[in-house]
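Here is the structure we will look at, set down as structure tokens.
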Amino acid sequence: MKLDTRVTLPVMALIAVSVLFPFAADWHIPLFNGALVEQVENMQALWLFFGAVFTLWYIRPHSRPEGEKQFWLWAVMWWLVLLGRSTSWGRVYFPEAPHIIFKAVSVILIGGLLLSLLSKPLRKEIARRLRENTLPLGLMAVTVCTFLISDTIEHHRLLAPLFVRDHLYADLMEELYEIPFMVGLFGVTLYFMKADKKAEIMYPVRYQHSH
């Protein structure tokens, strides 16, 4: 496993905004009776949908060789699972629909994600990438840390008061910390997609049969 330890401008920007988030309470940003949080959630849902569509468009999984194809389709499924979780599997937008529908959506998405691991080409590709790919350490660290902070706030864990200066802003803090997580996740995905595109140029023979 190789690590890219560069501290890039996007990494510094994500760290900077993450540090500033807790001070939103001091700025007395109006919450509009929860409407602000709702709009942040809507933007997050759009971003996750964009992540899935962009991944399909940019990397074109079905044009990749065996292994890479399964890996990138699996990545798209991850975006869809995150989108489903973000919207309570659709309940946010269709609250009157029968509960069984949302349950079915969650089972299909999560089940598909897990069952995909039964694919031997996918497992081999994941193992290959862990061995050979360069990992963007800074970007991954920010992504993981902001996810953990958001989870800490959501579940009122021991360190939550470090990030929530006013309990009235707890929901907003949770959603705000999910933004750098989602942006970072997109950055990590794009990093790997660009690496695959570069490999396609450097080793064209490997990719000829897949087109």
Return a yes/no flag: does the range 92-101 have any residue that is at pLDDT 95 or above and within 14 Å of the chain's Cα centre (by Cα). no
Is it true that Val164 is modelled with pLDDT under 95, of a type in the set (A, V, I, L, M) and either touching a Phe, Trp or Tyr at 6+ places or on another chain (Cβ under 9 Å) or open to solvent by 20 Å² or more (accessible area, probe 1.4 Å) (or both)? yes
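So, Trp78, is that one under 16 Å from Phe181 (Cβ atoms) and without any contact (Cβ under 8 Å) to a residue 60 or more places away in the chain or not?
Numbers: under 16 Å from Phe181 (Cβ atoms): yes; without any contact (Cβ under 8 Å) to a residue 60 or more places away in the chain: yes.
The answer is yes for Trp78.
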Among the numbered conditions (1) farther than 25 Å from Asp171 by Cβ; (2) open to solvent by 60 Å² or more (accessible area, probe 1.4 Å); (3) free of Cβ contacts under 8 Å to residues at least 24 places away in the same chain, tell me where Tyr93 comes up short. (1)
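Inside the range 95-177, counting only helices (runs of 4 or more DSSP H) that do not spill past its ends, which hold 2 or more residues that are out of contact with any Cys (no Cβ under 9 Å at 6 or more places or on another chain) and over 30 Å from Ala199 (Cβ atoms)? Write out each step before concluding.
Working: elements: 99-115, 120-132, 137-154.
Qualifying helices (runs of 4 or more DSSP H): 99-115, 137-154.
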Go through the range 1-37 residue by residue and tally those that are open to solvent by 60 Å² or more (accessible area, probe 1.4 Å) and either in a strand (DSSP E or B) or more than 19 Å from Asp166 (Cβ to Cβ) (or both). 10
Residues being over 22 Å from the mean Cα position of the chain (by Cα) and either touching a residue at least 60 places away in the same chain (Cβ under 8 Å) or open to solvent by 100 Å² or more (accessible area, probe 1.4 Å) (or both) - total across the range 104-120: 2
Residue pairs qualifying under the 8 Å Cβ cut-off, at least six apart or on distinct chains, with the first in the range 169-190 being among the acidic types (Asp, Glu) and the second being surrounded by fewer than 23 Cβ atoms within 10 Å (Cβ to Cβ) and not in a helix (DSSP H, G or I), are none
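The values are calculated or read from the model by the stated rules, or taken from the named source; none is laboratory data. What you see is a predicted model; the values in this text were computed from it and never measured. No Cβ is skipped: glycine too gets one built from the backbone with ideal geometry, and neighbour counts run over all protein chains shown. Remember, those area values only see protein heavy atoms, side chains included, never the ligands or the DNA or RNA. Shrake-Rupley method; radii C 1.70, N 1.55, O 1.52, S 1.80 Å.
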